[in-house]
1. For segment 75-83, indicate whether the set of residues that are touching an Asp or Glu at 6+ places or on another chain (Cβ under 6 Å) and under 17 Å from ILE142 (Cβ atoms) is non-empty.
2. Can you tell me how many residues within segment 9-27 are assigned to a helix (DSSP H, G or I) and surrounded by 12 or more Cβ atoms within 10 Å (Cβ to Cβ)?
3. Return the pairs, sorted by first residue and then second, in which the second residue is not in a strand (DSSP E or B), the first residue lies in segment 125-142 and is of a type outside the set (A, V, I, L, M), the beta carbons are less than 6 Å apart, and the residues are 6+ apart or on different chains.
4. Take the residues in segment 161-218 that are aromatic (Phe, Trp, Tyr) and not in a strand (DSSP E or B), then tell me which one is surrounded by the fewest Cβ atoms within 10 Å (Cβ to Cβ).
5. Can you confirm whether LEU8 is within 28 Å of PRO181 (Cβ to Cβ) and of a type in the set (A, V, I, L, M)?
6. Has segment 151-162 got at least one residue that is closer than 16 Å to LEU62 by Cα, touching a helix residue (DSSP H, G or I) at 6+ places or on another chain (Cβ under 9 Å) and of a type in the set (Val, Ile, Thr)?
7. For segment 191-216, how many residues are touching a helix residue (DSSP H, G or I) at 6+ places or on another chain (Cβ under 6 Å) and modelled with pLDDT of 90 or more?
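The values are calculated or read from the model by the stated rules, or taken from the named source; none is laboratory data. Just so it is clear, the model here is predicted, and its values are computed rather than measured. Methodologically, a virtual Cβ is constructed for each residue, glycine included, from the backbone with ideal geometry; neighbour enumeration extends over all protein chains shown.
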Amino acid sequence: MNRKDITLAKQLEQRKNWKDALVDAVVATFLVRKKQKEHMSVLADWEFLVTERVKGAEKGQLQAHHGGFMKVTDRDIYAGAVREVKEETGYVLDADSDIFYLTSVGPELFRSEMSLYKNEMVLHVNEEEAEPAVGFALPLFIADVTGKKPEVKTDGEVRDPNWMTAEQIVTRFGRRWSQEPHSKFNYFQMLVPAILFLDGRWQPGQRSVSEPGRHVFKIK
């Protein structure tokens, strides 16, 4: 059997008698662009592409990462990340030169909130699981698309693309509101390594912060 001939139905048929739940392979990428202005801070220097998810378990939530399930026909996680960015945002990236690996998260994933205090980011990871019925193993990437524009039609999985600085994201969505069970934004613990990478304070492959609690990060 060739990889391109493998179907979801065949996979499910083979796995129907398996006892243990599986972890799904997912990839996600932050798209950022540099603002053309005098340097202020990483929180205001860079803008993230923020969209609203139209499909899936997180329908209605906002996100700055773009991605989805790996396909058996993807050559590797880089190719999968590039394909997902193209499908969701229309940006065409080169897997060898345009995207950079940050870290991996999952399979546990909790709701989170964030606050800013001068040169500190305070991440609050709650004990509420974001996806209690599904486990994700998620390699996380970042891509600088400054000067680029979308080139192809998207698949409609996200809508309302807006460019926002990290400062704007945290100010607007950093905490839950009284009428909402949790923040409208997914997921601040994934946004942290992207911000620290742009600030020169994140080593690719560094272990991400995901456990519940209060986590403080210094920024320049």
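1. Within segment 75-83, one or more residues are touching an Asp or Glu at 6+ places or on another chain (Cβ under 6 Å) and under 17 Å from ILE142 (Cβ atoms).
2. Start the filter on segment 9-27 by keeping residues that are assigned to a helix (DSSP H, G or I), which leaves 9-15.
Filter again for surrounded by 12 or more Cβ atoms within 10 Å (Cβ to Cβ), leaving 11.
Residues flagged as assigned to a helix (DSSP H, G or I) and surrounded by 12 or more Cβ atoms within 10 Å (Cβ to Cβ) within segment 9-27 amount to 1.
3. Close Cβ pairs satisfying both conditions: GLU127/PRO212; GLU131/LEU109; GLY135/PRO107; PHE136/GLY106; PHE136/PRO107; PRO139/ILE77; PHE141/ALA81.
4. Taking segment 161-218 first, the residues aromatic (Phe, Trp, Tyr) are 163, 173, 177, 185, 187-188, 197, 202, 217.
Checking the rest, the ones that are also not in a strand (DSSP E or B) come to 173, 177, 187-188, 197, 202.
Values: PHE173: 21, TRP177: 10, TYR187: 24, PHE188: 25, PHE197: 21, TRP202: 19.
If we take residues in segment 161-218 being aromatic (Phe, Trp, Tyr) and not in a strand (DSSP E or B), then TRP177 is surrounded by the fewest Cβ atoms within 10 Å (Cβ to Cβ).
5. No; evaluated as a whole, the condition is false for this residue.
6. yes
7. 4
Quick grid of which residues meet (1) closer than 21 Å to LYS220 by Cα; (2) under 14 Å from the mean Cα position of the chain (by Cα):
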position: MET40; (1), (2): yes, no
position: ASP45; (1), (2): yes, no
position: LEU49; (1), (2): no, yes
position: ASP74; (1), (2): no, no
position: GLY80; (1), (2): no, yes
position: ASP94; (1), (2): no, no
position: SER104; (1), (2): no, yes
position: TYR117; (1), (2): yes, no
position: VAL122; (1), (2): yes, no
